[in-house]
């Protein structure tokens with residue numbers, strides 16, 4: 001790369017002040033002198049910048065070349081049948097057969113089952129989204145090294161987690177060298193840059209063995225989300241889980257649905273950065289998993305790489321999951337394609353208005 005690198009000052013102007021920052025934590029994770037810190041979901045400079053350019057070069061919202069990354073990760077660019085979902089080899093319906101995972105998982109439990117098998121196959125850490133102990137429904141990265149930790153942190157959080165900080169911690173603090181990472185599309189794009197971009201960290205690249213992406217339409221601003229729940233007469237700290245399906249947002253407590261609203265009712269909670277994202281199906285991963293496109297109790301799993309196929313089949317061979325073909329039509333993959341198309345069209349409109 002020629003010319004002087006863009007540094008944190010440029011990141012502040014081009015990304016943070018324009019409300020494009022996704023709070024993935026990539027910039028904090030790659031800073032070689034550790035003078036960046038996440039504060040209220042925003043990276044802050046807390047020391048003397050050495051102008052290395054690592055933060056800007058690895059930010060998924062500063063610059064991300066889709067075609068170049070596809071060639072790097074998959075050896076080819078997407079074909080005309082992959083425009084909406086990205087490069088992939090197969091799509092399956094998957095559900096866990098493990099009673100312990102079934103009891104705590106969301107949807108089909110495919111992610112928890114695959115991660116559990118990853119540890120059984122020799123993996124030494126899994127980066128998942130957990131919750132801060134001192135805050136209500138505030139997500140944080142967790143370095144899970146046991147099945148119990150994977151199950152404890154199962155379920156969608158709907159607020160952002162600085163996942164890449166967890167990846168860095170697994171490597172530098174926990175000294176793990178066989179890591180799986182679970183994240184949303186923006187987080188996985190940050191991870192892709194860290195592992196294969198112009199300023200790639202080869203040590204992290206060698207240590208990250210499996211990337212599992214989540215379908216994601218949008219996430220909520222944490223403070224606005226909590227206030228909304230309180231305004232609805234709920235006590236957020238007593239709620240057990242949230243889910244979005246069939247065009248509605250649900251909150252659960254005591255095994256019952258205590259809030260059911262149509263998605264337009266919560267649209268004002270969506271983070272500004274999400275409006276410019278065009279990736280619904282976590283296109284830059286080994287496996288992508290979501291809760292649409294398959295019946296209740298199942299997960300849709302998109303296999304993108306040989307590594308992803310091997311991880312999924314290992315879980316099947318161990319009896320952790322059942323795998324079936326995915327139905328086409330209105331109740332099947334059509335809804336996945338529809339949501340992916342909507343997100344791409346909305347992003348084009350939003351970005352053209354900027």
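Computed from the coordinates by the stated procedures, all read-outs in this text should not be read as laboratory data. Bear in mind the structure is a predicted one, so any value in this text is a computation, not a measurement. Every residue, glycine among them, receives a Cβ derived from its backbone with ideal geometry; neighbour counts consider all protein chains shown.
Using R0 = 25 Å, the C-beta based FRET efficiency linking residue 37 and residue 152 works out to 0.40. Oblate is the label for region 236-310, because a/c, from the alpha-carbon gyration tensor with a ≥ b ≥ c as root eigenvalues, is 1.5 or above and a/b does not exceed b/c.
Note on 279, 231: ascending count of other Cβ atoms within 10 Å places them as 231, 279, the fewest first. Exposure proxy for 85, 333, 164: other Cβ atoms within 10 Å of each Cβ, ordered fewest to most, give 333, 85, 164. Checking [x] 1.11; [y] 1.00; [z] 0.94 against the coordinates, the calculated Rg/Rh (Cα atoms, Kirkwood Rh) falls under label [z].
When DSSP beta bridges are restricted to pairs lying wholly in the chain, around 75% turn out antiparallel. Between 117, 48, 324, the Gaussian network model of the chain with springs among Cα atoms under 10 angstrom shows the greatest mean-square fluctuation at 48. The ranking of 146, 188 by Cβ neighbour count inside 10 Å, starting from the fewest, reads 146, 188. Among 147, 344, 245, determine the one that fluctuates most according to a GNM of the chain built with springs between C-alpha atoms less than 10 Å apart. Maximum fluctuation in the GNM of the chain, among the listed residues, is at 245. The mean sequence separation of alpha-carbon pairs under 8 Å and at least six residues apart, normalised by the residue count of region 223-267, gives a relative contact order of 23 percent. Rounded, prolate or oblate for region 223-267? Axes are the square roots of the Cα gyration tensor eigenvalues, ordered a ≥ b ≥ c, and the cut-off for rounded is a/c under 1.5. Taking the square roots of the gyration eigenvalues as a ≥ b ≥ c, region 223-267 is oblate. Most mobile of 75, 41, 190 per a Gaussian network model of the chain (Cα springs, under 10 Å)? For the chain, modelled as a Gaussian network with Cα springs under 10 Å, the answer is 75.
Over the chain, what is the relative contact order in whole percent, taking alpha-carbon pairs under 8 Å and six or more residues apart? About 21 percent, as a whole number.
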